[in-house]
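Colleague: Before we start, here is the structure in question, set down as structure tokens.
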Amino acid sequence: MKFTELPTPCYLLDENRLVQNLAVLRDVARRTGAKILLAQKAFSMFSVYPLIREYLAGTTASGLYEARLGHEEFGGETHVYAPAYAEGEFREILEYADHIVFNSFTQWKAYGSLARAAGKSCGLRLNPECSTQPSDHAMYDPCGPDSRLGITIENFQPELLDGIEGFHFHTLCEQNSDDLVRTVAAFEQNFGQYMDGLKWINLGGGHHITRADYDVETLVHCIDYLQKKYKVQVYLEPGEAVVLNAGYLVSTVLEVMHNHKDIAILDTSAACHMPDVLEVPYRPPVYRGGEPGKKAFTYLLTGRSCLAGDVIGEYSFDVALGAGEQVVFEDMALYTMVKTNTFNGMPLPLIAIRRADGTDEVVRMFGYEEFKRRLS
Ligand SMILES: *Cc1c(COP(=O)(O)O)cnc(C)c1O
């Protein structure tokens, strides 16, 4: 039985799962009055923006292109933060963004008057220097030593706050609300005294709100507390939580071989289609797949690029894998489509959606042109 009749490799977004996540997020927004934005860095499948728009207040962007996409395809509020803006791009960002967050007082001094003249709400990204992530997560910790992300208390210049309407911090990654509470306490200790008269505070992303064990009540308390104490509008900008467990990458076995282990070569690639598997690194869940040795047949699942390390991991199955069999990677909506590349001339997976009624619809197919157009 095939998982999908569509050609593979194929990203398949599950509309029902997406809506389940969105309902959880909308509930938080309704209960607290907080505004929740989609962080497009994690997920930019704009064909479902009209659906997401029914639940969330807008989008946040890491620069010009995401800001433009959010403005064109999503609507609502468009927020932008970048570690540094390029002058040529900044003027165009002004056409799309409502909120602009600066990473330093130097950036604020360079671009603040332009942004304010264009009627934008300006904020500063601050670094509360409160690491709550496991130490093997340094890659994702904006509070780590030597971080360039956000203004530390040491670099804070209160005399330059005139015109600033909000503060922003983003320090979490796949974390629960207890870590948010710790971060808020550290933030208040350093910056609480400067909150008077601000209009908003943006708590960034990394809140794993739609995960089964996420403590929503603590999040709600935390938002209520901030809004009451400082009379500000709270924003959250989750990426992962919006599409957590809401998509698959469906692949097909091309070849099974043996070299110490049984090895299945798939028509996908970790390096090209799920680079986080190698970068983070992590082990994606596989539909009907178990730990090695747990089920009758164990395989090393590998990509078909020429990179020796294009290996997804070792999994076991109840049935033997042969050419033509589909292997389905789960939780593949986030940080996948936005990170693909055509290294090794690898074709890009098509993008599809599993509708609420169970039918699979192709949204977009790619071909040789995508490979060629980015080279010369
Ligand atoms: C990456 C990022 C997000 C989204 O993070 P998730 O972990 O996907 O929720 C939000 N805000 C900023 C500033 C980011 O860099």
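The values are calculated or read from the model by the stated rules, or taken from the named source; none is laboratory data. All values reported here derive from a predicted model rather than from experimental measurement. Here the Cβ positions follow ideal geometry from the backbone for every residue, glycine too, while neighbour counts run over all protein chains shown.
Colleague: Hey, could you check the range 77-93 for residues that are buried (at least 18 other Cβ atoms within 10 Å of the Cβ) and part of a loop (DSSP other than H, G, I, E, B) and say which is nearest to the chain's Cα centre (by Cα)?
Modeller: In this case the residue turns out to be Ala82.
Colleague: Okay, moving on. State whether one or more residues within the range 346-369 are touching a residue at least 24 places away in the same chain (Cβ under 8 Å), part of a loop (DSSP other than H, G, I, E, B) and aromatic (Phe, Trp, Tyr).
Modeller: no
Colleague: Got a number for residues in the range 309-332 being more than 20 Å from Pro275 (Cα to Cα) and in a loop (DSSP other than H, G, I, E, B)?
Modeller: 8
Colleague: Next up: What pairs can you find where one residue is in the range 29-41 and within 16 Å of Thr218 (Cβ to Cβ), the other is assigned to a strand (DSSP E or B) and among the aromatic types (Phe, Trp, Tyr), and their Cβ atoms are less than 7 Å apart, with a gap of 6+ or different chains?
Modeller: Taking only residues 6 or more apart or on different chains, the pairs are Ala34/Tyr235.
Colleague: If you check Gly70 against the conditions, is it in the same structural domain as Lys109 (by TED's automatic domain parsing) and surrounded by 22 or more Cβ atoms within 10 Å (Cβ to Cβ)? It would help to see each step written out before you state the result.
Modeller: On the way: in the same structural domain as Lys109 (by TED's automatic domain parsing): yes; surrounded by 22 or more Cβ atoms within 10 Å (Cβ to Cβ): yes.
So Gly70 passes the test.
Colleague: Considering Val362, Val286, Val311, Val280, which residue is in contact with a Ser or Thr (Cβ under 8 Å, 6 or more places away or on another chain) and either in the same structural domain as His258 (by TED's automatic domain parsing) or basic (Lys, Arg) (or both)?
Modeller: From the options Val362, Val286, Val311, Val280, the qualifying one is Val311.
Colleague: All but one of (1) closer than 29 Å to Lys228 by Cα; (2) more than 15 Å from the ligand (Cβ to nearest atom); (3) in the same structural domain as Trp200 (by TED's automatic domain parsing); (4) in a helix (DSSP H, G or I) hold for Tyr55; state the number of the condition that does not hold.
Modeller: (4)
Colleague: Looking at (1) surrounded by 16 or more Cβ atoms within 10 Å (Cβ to Cβ); (2) in the same structural domain as Val181 (by TED's automatic domain parsing); (3) touching a residue at least 60 places away in the same chain (Cβ under 8 Å), find the lone condition where Leu226 falls short.
Modeller: It fails just one condition, (3).
Colleague: On to the next question. Starting from residues that are under 25 Å from the mean Cα position of the chain (by Cα) and of a type in the set (Asp, Glu), keep the ones in the range 274-333 and report whichever is farthest from Phe43 (Cα to Cα).
Modeller: Asp310
Colleague: Another question, then. From the set of residues in the range 121-142 that are charged (D, E, K, R) and assigned to a loop (DSSP other than H, G, I, E, B), which is nearest to the ligand (Cβ to nearest atom)?
Modeller: The extreme case among them is Asp141.
Colleague: Report, by residue number, each residue of the range 186-210 that is assigned to a strand (DSSP E or B) and touching a Leu at 6+ places or on another chain (Cβ under 7 Å). Step through it out loud before you land on a result.
Modeller: Going residue by residue through the range 186-210, those that are assigned to a strand (DSSP E or B) are 200-202, 207.
Those that are assigned to a strand (DSSP E or B) and touching a Leu at 6+ places or on another chain (Cβ under 7 Å): Ile201, His207.
Colleague: Strands (runs of 3 or more DSSP E) wholly in the range 213-292 with at least 2 residues that are within 16 Å of the ligand (Cβ to nearest atom) - which ones? It would help to see each step written out before you state the result.
Modeller: On the way: elements: 233-236, 247-259, 261-266.
By residue number, 233-236.
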